[in-house]
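Written out below as structure tokens is the structure these notes cover.
Read-outs: derived from the displayed coordinates by stated rules, not from any lab. None of these values were measured; they are calculated from a predicted model. For neighbour counting, all protein chains shown are included, and Cβ atoms are generated from backbone atoms with ideal geometry for every residue, glycine included.
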Amino acid sequence: MDRKIVLTADGSSSIFSEEVNQHYHSHFGALQESMHIFIEAGLCSATLSPLQTISILEIGFGTGLNALLTYFKSENICKTVYYETLELHPISQQEAEQLNYPAILPYLSAKEIFTRLHRAAWNTKEVVSEHFTLQKRLISATEANYAPDAFDLVYFDAFSPEAQPALWTKEVFEPIYNSMKKDAVLLTYCTKGSVKNTLKTLGFQIEKLPGPAGKREILRAKKYIHN
């Protein structure tokens with residue numbers, strides 16, 4: 001797969017995939033995008049604030065930035081996290097070492113943790129710390145199954161529907177919906193009408209939120225079950 005390391009507008013790294021002709025993160029800023037969508041609107045949302053233990057599913061491990069930010073934010077807000085992530089085409093260790101997140105984040109152990117996240121074995125649980133357990137699954141979301149009633153939060157960070165339409169279908173979202181607990185939330189940068197309609201059909205409550213730099217809106221979808 002042809003990929004190259006690029007620098008985004010906020011000074012943080014991303015990767016450009018020539019195969020799908022898309023960046024892994026927004027070229028307006030990889031770090032600010034991940035913080036805005038998945039950490040601030042997801043992990044730190046009011047819906048999740050009472051929970052001390054949070055189970056997260058991520059669709060698209062990619063550069064590992066979302067996992068890295070989640071690790072340190074969970075420390076700051078005193079949460080214990082189980083983090084399950086899917087990726088069919090992992091980046092290499094050499095590529096990971098070229099990403100500058102450890103250098104620009106204000107954590108002394110950022111490089112150590114980032115390395116551990118990427119070197120963790122696939123398809124097995126890795127205890128990264130007493131508050132963070134990682135399971136990386138080498139599988140596509142089009143083929144994955146999940147335990148029922150398992151997740152409090154979903155980061156849906158796949159390539160866009162234009163690049164990978166098969167990842168944005170009812171067949172992919174329905175098993176994810178079934179794996180989510182009551183009142184669990186799903187975050188995605190994509191606000192395309194067909195995606196919103198698919199989520200609504202499955203029973204999600206859709207909420208539009210202001211987007212990060214360069215993007216007007218994002219989606220937060222809640223699994224709401226009537227008693």
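A few remarks follow.
- The label-point distance for Lys4 and Glu40, in a model that sets each label 7 Å from Cα toward Cβ, rounds to 3.1 nm.
- Multiplying the residue separation of Phe16 and His89 by 0.36 nm and subtracting their alpha-carbon distance yields 24.9 nm.
- Of all the options Thr188, Thr133, Thr201, the one that moves most in a Gaussian network model of the chain with Cα springs shorter than 10 angstrom is Thr201.
- For region 1-68 versus region 121-157, the inter-centroid distance based on Cα atoms is 16 Å.
- Area projected by the alpha carbon convex hull of region 3-223, averaged over all directions, nm²: 10.8
- Estimated from helices alone, the mean residue ellipticity of the chain at 222 nm is -7000 deg cm²/dmol (sum of -39500 (n - 2.57) over DSSP H runs with n ≥ 4, per residue).
- DSSP beta bridges confined to region 3-223 are antiparallel in about 50 percent of cases.
- Between Ile77, Ile39, Ile139, the GNM of the chain built on Cα springs shorter than 10 angstrom shows Ile77 fluctuating the most.
- Residue-count net charge about Thr80 - beta-carbon cut-off 13 Å; Lys, Arg +1, Asp, Glu -1: -1
- Taking the C-alpha atoms of region 14-133, convex hull volume expressed per residue in Å³: 109
- Distance between modelled label sites at Asn76 and Lys192, nm, 7 Å Cα→Cβ extension: 3.2
- Sorting 69-75, 151-157, 173-179 by their mean Cβ neighbour count within 10 Å, with the most densely packed peptide first, gives 151-157, 69-75, 173-179.
- Filter on Lys73/Lys200; Lys170/Lys223; Lys4/Lys125; Lys111/Lys182 - keep pairs with C-alpha separation over 24 Å: Lys73/Lys200; Lys4/Lys125; Lys111/Lys182
- Nearest-0.05 FRET efficiency for Trp122 and Gln98, computed from C-beta distance (R0 22 Å): 0.60
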